[in-house]
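Enquirer: Sharing a structure here in structure tokens format.
Laboratory data are not the source of any read-out in this text; all were calculated from the coordinates shown. Note that this is a predicted model, so its numbers are computed, not measured. Counting neighbours? That spans all protein chains shown, and the Cβs are built from the backbone with ideal geometry, glycine included.
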Amino acid sequence: MRYLLAAGALLAAVLGVAGFVYGEADDSPGLQLLSALFVIGAVAVGVRVVRRTR
């Protein structure tokens, strides 16, 4: 289960970075904000999963 959460967090971070890059190219501040929040949330979940396993 924790591997699934870790993989999901990694996938969310990758999609967030891609959305941020696309939002910058499209000059869309809303997409950049949502993508940044998505990445921050994914990092928080990843850190939580790692801290729980120790």
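Enquirer: From the residues in the range 24-40 that are assigned to a helix (DSSP H, G or I) and loosely packed, with under 14 Cβ neighbours inside 10 Å, which one is nearest to the chain's Cα centre (by Cα)?
Expert: The residue in question is I40.
Enquirer: Under 8 Å between Cβ atoms, at least 6 apart or on separate chains: pull out the pairs that start in the range 1-23 with a residue that is assigned to a helix (DSSP H, G or I) and end on any residue that is loosely packed, with under 14 Cβ neighbours inside 10 Å and of a type in the set (S, T, Y).
Expert: Hits for this filter: R2/T53.
Enquirer: Let me ask something additional. Within the range 41-54, how many residues are part of a helix (DSSP H, G or I) and free of Cβ contacts under 8 Å to residues at least 12 places away in the same chain?
Expert: Number satisfying all stated conditions: 4.
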